[in-house]
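The values are calculated or read from the model by the stated rules, or taken from the named source; none is laboratory data. Just so it is clear, the model here is predicted, and its values are computed rather than measured. Here the Cβ positions follow ideal geometry from the backbone for every residue, glycine too, while neighbour counts run over all protein chains shown.
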Amino acid sequence: MGEMKAFLKRESVYINLILMVFFAVFARFWEPGLGNSATGYGSLARNLSEDWNWFHLHLAPHFFNPFVDHPPLIIWLDALVFKLFGASAQTIRLLSSIAALGIFSALFFTVRRYFDERAALFSVFSLITVNVFMNYTSSGWLDMPMIGLVWAGTYFGFRGLQENKERLLFLAGVSLGFSVLAKGVCALALFPVAFFIGIKRLEKREYFSFFMFNFSILMPVLLFTWGHYNSAHFLFWIKYWQREALEQTLNNPQSLSILDYLWYVKKAFQFGHLVTILGLVSCVTLWRFEKRDWALLVLSEFLIHSLGYSWCTRHYSQYVIPIFPWLALGSGILLAKGFKKFQTLTISKVGLALGILFFTVVDIFPIRVHSGNENPFRGLMSTMRQIKDNKNMYFVGSMEDQSTWEDPASYIVWYAGRNPIIGSFDEILENLGRRDPQALAVISTGYLSKNAAALSRYPNVTKCIFNDQITILSQTSLCPDEVKSWRYREEPKSTYEKAP
C-alpha cells in the first residue's frame, strides 16, 4: 500500500494528464458512425474473423480481393478484437484509441527522461491542441496504431540508450519494424529514430548492439514476408509496390510548380498552427543549448515527411499527423522555458478538469465527434433487414476508377451486409428488372431524380427505401409496405423514424 501511494504521488502529473487525454479520446465513444476508410478496414477485419485467411484479406469477391493497399498487421489485430468483443463502430475504433493513449504516454516519459517534467507536460498539452491529430485518435484508421508503434520504439530505444539495456533496444527495433507492417511506407518516422539510436551505438563502439538493433527492425518484416511467401509467394509486395509507385505518385510532374510539392508543409501549418511554428523554432533553441541531436531529430522528422509525401497524389490530412508528436515535443520544450513559475501539478489538474468538462459537455449536448454519423447507409440498416433479397447489391461506378467504388463497396459490406456489384445505371436496371430480380441496388437520390426516365422503363422496379442522399431500388414484390419511405434521423438511441 505504501509503494502504491508513493507511485501515485510520484506520477500524479502523468496520471492527471493521461486521464485528460482519456476523456478527450473517449468522448462520445458510443456514437455509431464511422468514416469511409474505417468501414473498409472494419469489413476486412470482420471477414478475417470469420475465415482466418491471414494472408488473403478481402472485402468482397470483386473488391479488394486480395487487399494489397496496406500491410495487414492492424487488420489482423482488429479481427482479434472483433472475435473477443464483436464487430461494431466502437470496437473498430478501439486500437486507435489505445494507441493514442500510448503515444501521449511515450511522449511524456521520453521528454521527461531527457529534459524535465515541465517540458513533458507542455508537450502533452501542445499535442492535444492539434485538432486534426485528435480526430484520428478514435477513428478506426491505420494511422494512429502506426504512430503508436513508432513512439513505442522511440520510448524503448531512448530509454535503452540511457540505461544501456539491450533488451529495451531490441523491443525498440521490433516496435519500429511492426510500424512498417501497420501502414507500409507511411512509417517514415522510424528512419530518423533508427538513425539516432544507431549512431549512438556506433559512437560507443557497440557494433554487435548496432547490428542486433537493425536486425530487430527487419525481423517483423522478414517474418511477414516469409509467411506470405508460403501462402501466396510475393503477391502482396509486388502489388503493393506497383500501387505505391504507379498510383500514389505524381503522374505529370512537369505540369506542377514548386508550390505543388510543398502541400505537406502547407497542411502542417494549416493544421498545427502555433504548435508547428513553436516546434520548428525549438530546433534553433535546442541547437543553441547544446541539444543538437534533438534539434536534428525534430527537424529531420519534419523534412523526411515533407519530402517523402511531396510526390504523393493524395493530399489527405492523415498523412500529416505523424509529425505532430515531434513538433509537440519541440513546442513543449520551448514553452517550458517560458512558463517556469507555474507548478506542473497544478497545471495537470487544470488539464484534467478541462478533459472532464469536455467529456461531459459533448455527451450531454448534440455535438458530433466522430465522422460518419451522417452516413446515409446507416439510416437504412434496420429496414433493409426486413427485405428478403439474395444479398446482391448493385451500385453505379467503374472498376477502372477506384474512387468510384472504394467507399460504396465498403459501406455496402459494413452497413448493409451485402455483396457489392458494380455497373452502369442501365446495366443495374436490366439486372433488377430481368436478370437478377432478387437483388437490390443503391443509387444516389440526386442521380436517380435526373435519370427518372430510365427507371420508368422498368415498371417492376421501385424505390423501396430512400432518404435525401441514397435510394434502395428493388423489385416491387421484394419491398413490403411496412418498410417503404423511411428517412434518417440522428439520435443517440433511436436512429430511425417512419416518414409521415
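Descriptive notes on the structure:
- Out of 2, 42, 33, sole residue that is outside the structural domain of residue 351 (by TED's automatic domain parsing) and among the small types (Gly, Ala, Ser): 2
- Residue check, residue 55 out of contact with any Lys or Arg (no Cβ under 8 Å at 6 or more places or on another chain), at pLDDT below 95 and crowded, with 21+ Cβ neighbours inside 10 Å: no
- For region 137-150, the condition of being crowded, with 18+ Cβ neighbours inside 10 Å, closer than 17 Å to residue 101 by Cβ, assigned by TED's automatic domain parsing to the domain that holds residue 110 and charged (D, E, K, R) holds for at least one residue.
- Sole residue being modelled with pLDDT of 95 or more, surrounded by fewer than 20 Cβ atoms within 10 Å (Cβ to Cβ) and among the aromatic types (Phe, Trp, Tyr), chosen from 109, 82: 109
Yes/no per residue for (1) under 29 Å from residue 299 (Cα atoms); (2) of a type in the set (A, V, I, L, M, F, W, C):
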residue	(1), (2)
174	yes, yes
178	yes, yes
183	yes, no
194	yes, yes
198	yes, no
214	yes, no
219	yes, yes
235	no, yes
244	yes, no
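- Residue 328 within 21 Å of the chain's Cα centre (by Cα), closer than 30 Å to residue 448 by Cβ and either surrounded by 16 or more Cβ atoms within 10 Å (Cβ to Cβ) or not assigned by TED's automatic domain parsing to the domain that holds residue 125 (or both): no
- Selection count where residues are more than 20 Å from residue 76 (Cα to Cα) and in contact with a Phe, Trp or Tyr (Cβ under 7 Å, 6 or more places away or on another chain), scope region 214-240: 1
- Taken across region 35-44, residues that are without any contact (Cβ under 8 Å) to a residue 24 or more places away in the chain, part of a helix (DSSP H, G or I) and surrounded by fewer than 23 Cβ atoms within 10 Å (Cβ to Cβ) do not occur at all.
- Residues (of a type outside the set (S, T, N, Q) and out of contact with any Phe, Trp or Tyr (no Cβ under 7 Å at 6 or more places or on another chain)) located in region 123-140: 125, 128, 134, 136
- The lone exception for residue 94 - which of (1) farther than 26 Å from residue 405 by Cβ; (2) over 18 Å from the mean Cα position of the chain (by Cα) it fails: (2)
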